[in-house]
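Data block below; observations after.
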Amino acid sequence: MRIRCLSYNIHKGLNWNNSVHILPKLKEFLQSLDLEFVFLQEVVGENKLLPEKFSTWVDNQHEFLADSVWTDYAYSQNAVYDKRHHGNAILSKYPIISHHVYDLTQHKREMRALLYCEVETPEGRLDLYCTHLNLLHHHRRAQYEKINEVIAENYRVKKNPIVLAGDLNDWFKKSHHHVDLLDACHIQLDKKVKTFPHILPIVQLDHFYSYQIKPVGLEVIKPPLMLSDHLPLLFTGEVFE
């Protein structure tokens, strides 16, 4: 079974400088890609301030993007402020039979989480994880440890193949030293994967890791419009061979 997955930091549905609400265009773009799973970061669940600025503003952005294409979805309300909250989301074409949010917060100014979904496909179950990590490496080290613990415990019980995706804020290419999974980037012949910033990308902040899933493709996608401050990352894998 081949799966196509996209990881994308959508910058709260705004363009790179927060001047344009891009969610409707983002929806069109995602639906054009024929994806089984979408891993999203900086997804707004609610913002009571921005409807005054943008007439097209939409809350529950994960539901709006999923529409009728991805019938199941889950959202982690991990960054909560006065009158607004955002987090991670997973959109799935297959049933999500369970989900859980694990707190990864290391500092009160960066409220982070790991979103977990167990998905039932026609050929078996998958464990999907989506996250967005801290800016400082010493905080990320603690977050990697927590992620490894969570994944190991879930695998011990369920033995499902695994995909971990998200914006790891890995400015210095150190995440593969800390995550106990297969780095899709390091399996590819082309290791020059760059996703940030969107105009002239110089670094890979966005990643895919897997276990019991063979990576067969990893590429940066350039949307027709500047939809975010990141570029989306497309992962193709073979599972249940």
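The values are calculated or read from the model by the stated rules, or taken from the named source; none is laboratory data. Bear in mind the structure is a predicted one, so any value in this text is a computation, not a measurement. Glycine also receives a Cβ, built like all others from the backbone with ideal geometry; neighbour counts cover every protein chain displayed.
Of everything in the range 75-86 that's out of contact with any Gly (no Cβ under 7 Å at 6 or more places or on another chain) and in a strand (DSSP E or B), which residue is nearest to Leu65 (Cα to Cα)?
That would be Arg84.
If a residue has to be more than 14 Å from Val163 (Cβ to Cβ), touching an Asp or Glu at 6+ places or on another chain (Cβ under 9 Å) and among the aliphatic types (A, V, I, L, M) to count, how many in the range 91-103 make the cut?
1
Residues of the range 192-219 being within 18 Å of Ile10 (Cα to Cα), outside any loop (DSSP other than H, G, I, E, B) and either of a type in the set (S, T, N, Q) or under 14 Å from the mean Cα position of the chain (by Cα) (or both), which ones?
Asp206, His207, Phe208
Looking only at residues that are out of contact with any Asp or Glu (no Cβ under 9 Å at 6 or more places or on another chain) and not in a loop (DSSP other than H, G, I, E, B) in the range 51-74, which one is farthest from Val38 (Cα to Cα)?
Glu52
Give me the pairs: first residue in the range 152-170 and assigned to a strand (DSSP E or B), second residue surrounded by fewer than 18 Cβ atoms within 10 Å (Cβ to Cβ), beta-carbon distance under 6 Å, and six or more apart or on different chains, which are they?
Ile162/Tyr211
Go over the candidates Ile151, Ile162, Ile202 one by one and state the one that is of a type outside the set (Ser, Thr, Tyr) and loosely packed, with under 14 Cβ neighbours inside 10 Å.
Ile202
If you take the residues of the range 220-241 that are of a type outside the set (Val, Ile, Thr) and outside any loop (DSSP other than H, G, I, E, B), which of them is surrounded by the most Cβ atoms within 10 Å (Cβ to Cβ)?
Leu233
Sort out which residues of the range 111-170 are more than 25 Å from Ile97 (Cα to Cα), basic (Lys, Arg) and in contact with a helix residue (DSSP H, G or I) (Cβ under 8 Å, 6 or more places away or on another chain), and write them in order of number.
Arg140
Would you confirm whether or not the range 121-142 contains a residue that is of a type in the set (S, T, N, Q) and in contact with an Asp or Glu (Cβ under 6 Å, 6 or more places away or on another chain)?
So far as the range 121-142 goes, yes, one or more of its residues are of a type in the set (S, T, N, Q) and in contact with an Asp or Glu (Cβ under 6 Å, 6 or more places away or on another chain).
Answer with yes or no whether Thr105 is farther than 24 Å from Leu26 by Cα, of a type in the set (Val, Ile, Thr) and at pLDDT 95 or above.
Against the criterion (farther than 24 Å from Leu26 by Cα, of a type in the set (Val, Ile, Thr) and at pLDDT 95 or above), Thr105 qualifies.
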